[in-house]
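Working notes, structure below.
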Amino acid sequence: MICPRRFPQFPWRWDGGTISRNLDGVWGMSVESTELLEIETAREVETLSALWWLWLPLAGALALLAIPHFFQAGYQAWVAGERGALEFLHVVVPLASLVLALRLLARPEVRGRRLLQLWLGLAALGCLYVAGEEASWGQHYLQWSTPEYWQTVNDQGETNLHNTSSWLDQKPRGLLEIGVVIGGILIPLAALRWPQIRRSRLAIILPPMICLPSALIAEFARMSERILNVFGSAAGLFYRASEVQETYFYLFILFYLIVLRRRLLAWRA
């Protein structure tokens, strides 16, 4: 018999030879109506190719760590600049997540289940806000002039909201960081020790294990800078560590929504 601990990352109930869906009624999905899945099906639901969730994020982190030390001018212009690769990803990845969240909201598995609708609605609104703000709602690409009044309100003279108040920038970002730490690091690690976490009422919405690398890299980028600042160093390991952290936050959300979609499709099958 296979030990249940081999499958702690799946939101399915293990009963020896098969895995049954554990989508609790609190999310509008009746436990009594659950069906049985083969183990391999559960594997496919909860994971992607390691190329996407492990190796590419790791390779990206190593590149972002090393390139500024050898090609600083090019890095500042083509990677970390206002129209660089990171800023482009900060728009494209949240837009992809927005499309995914909106498509999930339209699925029959979600319609009529208010808590899931609320959860996905918040995800969609958050992705829309991030993508719009990162592009200054199109100003970065269409190059329109900022109205004179708004230039006095916005500390960077751009047509966005996050440069007008910490309540629209640092505080939402802080909430996102707390969510990534708890949902992307602490809960997956705790589930390795206590697999019943993956069988709780919230199992359907808990981040999968594949989100862990992105969450760890996001926190490492920022925490390394904070620790070095404590010891008097003005520079961090990453150039503009906050931008690196944001990149991995957005990848975390994208991977999360992809797996959530797979869970809902598997429940319907």
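Where a number appears in this text, it was derived from the coordinates with a stated rule and is not lab data. Quick caveat: nothing in here was measured; it's all calculated off a predicted structure. A quick note on method: Cβ atoms are made from the backbone with ideal geometry, for glycine too, and the neighbour counts reach across all protein chains shown.
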Check your understanding: For the modelled label position 7 Å from the Cα of ILE67 along Cα-to-Cβ, which residues of region 241-266 have backbone nitrogen atoms closer than 17 Å?
Key -> 241-249, 251
**Study point:** Computed E for ILE227/ARG114 - FRET, C-beta separation, R0 35 angstrom, nearest 0.05
**Key:** 0.25
Revision key, fill the gap. Burial-style ranking of 75-88, 105-118, 125-138, average other-beta-carbon count within 10 Å with highest first, yields 125-138, 75-88, 105-118
Study note, to complete from the structure: Subtracting the Cα-Cα distance of SER49 and VAL181 from 0.36 nm times their residue separation yields 45.2 nm
Review point. Between GLN139 and ALA106, what length in nm is gained on full extension when 0.36 nm per residue of separation is reduced by their alpha carbon distance?
Key: 8.8 nm
Check your understanding: Can you give me the relative contact order of region 111-232 as a percent, contacts being Cα pairs under 8 Å and 6 or more apart?
Key -> 14
Practice item. Quickly rank 217-224, 144-151 as a protection proxy: mean count of other C-beta atoms within 10 Å, highest first. Key: 217-224, 144-151
Revision key, fill the gap. Yeah, region 38-119 with a ≥ b ≥ c from its alpha-carbon gyration tensor (a/c under 1.5 is rounded, else prolate when a/b outruns b/c, oblate otherwise) is oblate
Check your understanding: Shape call for region 142-269 from the C-alpha gyration tensor, a ≥ b ≥ c root eigenvalues: rounded (a/c under 1.5), prolate (a/b greater than b/c) or oblate?
Key -> oblate
Review point. With labels modelled as points extended 7 Å from the Cα through the Cβ direction, what inter-label distance (nm, one decimal) is found for ALA190 paired with ALA235?
Key: 3.9
Practice item. Could you tell me whether region 86-210 comes out rounded, prolate or oblate from its Cα gyration tensor? Rule is a ≥ b ≥ c as square roots of the eigenvalues, rounded for a/c under 1.5, then prolate if a/b exceeds b/c, otherwise oblate. Key: prolate
Point to revise | Nearest-20 debye value, region 197-242 charge dipole, Cβ charges on Lys, Arg, Asp, Glu | key: 280
